[in-house]
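First up is the structure itself, then whatever we jot down about it.
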Amino acid sequence: PRLVRFLPRPGAWMHGLERAMAFILAATCLYFLALLPPGRILPTLAAFWATAVGASLLGRMHHSPNALRGFVLGLAALAVTGGGLAFALTYAPPAEAEWVAYTPEAFAERLGKDNLVLDFTADWCPTCKLLERTVLTPGRVSQWGKRHKAVFMKVDLTRQTPPAMGLLRALGSQSIPVAAFFPAGAAASQPLVLRDLFTAGQFEEAMDEAFGGPARSSAPPLAE
């Protein structure tokens, strides 16, 4: 007990310590979030948000002078927090279509041998992300690939590597989004290119033009 005299006395310095510890805890949360798979980040953040709202409602419940109002706030806190946790536990990320990552070696290996579709995209490109959600959906990409026996290759320009930028310029473009269709055989040297925004119908027409569409009549309807 005599060691207590060596402890600093309570005072204003404790508020500074609380703030410092808050930043340390926030950094720890960011570290653990960075370890999560990309598909689990959204549900985890939703669970955090719901827990924060629930805690706020519980705080108001304890300071409520009305018992009925406090009871309602408590139920609301449990519902919001439970809903957020249930969402986090049951959330299933959308299925991803099988894309081949672009490398100069992978491109050279498949060029002329396969029907090849290149999608030039980047994390900083909002138009590219819009096309991924509305046109290049997993269902469409999967069925288009089966219909034309095509390989879909994603060219990620987030860091703008020289080989990928050189290929983009060789196709006559300086900006993205760009989709390029390389048919198998000798025609691979004359790819068909779509630039900027395009619809699912335009993309499908480009595939039929580049790869031919004799198998189209026997293919199932496209999934939205």
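The values are calculated or read from the model by the stated rules, or taken from the named source; none is laboratory data. It should be emphasised that the depicted structure is a prediction, and the values quoted were computed from it without experimental measurement. When we count neighbours, we look across all protein chains shown, and the Cβ atoms used for this are built from the backbone with ideal geometry, even at glycine. The accessibility values were calculated without ligands, DNA or RNA, using every heavy atom of the protein model including side chains. Shrake-Rupley method; radii C 1.70, N 1.55, O 1.52, S 1.80 Å.
Residues of the stretch 59-112 that are touching a Leu at 6+ places or on another chain (Cβ under 7 Å) and free of Cβ contacts under 8 Å to residues at least 12 places away in the same chain: SER64 alone. Looking for something assigned to a loop (DSSP other than H, G, I, E, B) and open to solvent by 30 Å² or more (accessible area, probe 1.4 Å) - is there at least one such residue anywhere in the stretch 137-154? Checked the stretch 137-154: at least one residue is assigned to a loop (DSSP other than H, G, I, E, B) and open to solvent by 30 Å² or more (accessible area, probe 1.4 Å).
Residues of the stretch 155-180 being open to solvent by 30 Å² or more (accessible area, probe 1.4 Å) and in a strand (DSSP E or B), which ones?
Filtering the stretch 155-180 down to residues open to solvent by 30 Å² or more (accessible area, probe 1.4 Å) leaves 156, 158-163, 166, 169-170, 172, 174-175.
Listed by number, the list holds a single entry, ASP156.
Of the helices (runs of 4 or more DSSP H) that lie entirely inside the stretch 1-117, those containing 3 or more residues that are within 30 Å of GLY139 (Cβ to Cβ) span 38-62, 67-90, 104-110.
Only one of ALA46, ALA76, ALA88, ALA22 is over 30 Å from LEU116 (Cα atoms), modelled with pLDDT of 85 or more, surrounded by fewer than 14 Cβ atoms within 10 Å (Cβ to Cβ) and of a type outside the set (Phe, Trp, Tyr). Can you tell me which? Before you say what the answer is, go through the steps one by one.
Working: ALA46 fails: surrounded by fewer than 14 Cβ atoms within 10 Å (Cβ to Cβ); ALA76 fails: surrounded by fewer than 14 Cβ atoms within 10 Å (Cβ to Cβ); ALA88 fails: surrounded by fewer than 14 Cβ atoms within 10 Å (Cβ to Cβ).
From the options ALA46, ALA76, ALA88, ALA22, the qualifying one is ALA22.
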